[in-house]
Amino acid sequence: MLGDIATTSLVLLAFIAMFVFISQIISRKNLKKRKEYFEDLHTNLKPGKTVMLTDGIYGKIVTLGEDTAIINVAKDVNIKVSRYSISEIIK
């Protein structure tokens, strides 16, 4: 009886360990892709490009600083945002 419980527990622990291992591999691949995407995005930011911010606001870059950007979202409406809140360059 006790041997059956131990065997079942070991099999269950092996499945859990395999699941954790596989999920870590998948997670690392996704993080690497995201990191490359955002590095490429931030090197291609230039004034005049239309961008989308993380909260869904669209606008055109007016000026870029080291950590901030001025985005024109409507006629005569500029907002200062973190450069890292830009999630996509719209073509």
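Every number here is computed from the coordinates shown, using simple stated rules; none is lab data. Here the structure is a predicted model, which is why all the values come from computation and not from measurement.
Overview of values
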{"item": "Angle between the chain longest axis and helix 2-43 axis [Cα atoms, degrees, rounded to 10]", "result": "10"}
{"item": "Estimated 222 nm signal from helices in the chain, with DSSP H stretches of n ≥ 4 weighted -39500 (n - 2.57), rounded to 500", "result": "-17000 deg cm²/dmol"}
{"item": "Rg to Rh, two decimals, where the chain supplies the alpha carbon set and Rh follows Kirkwood", "result": "1.42"}
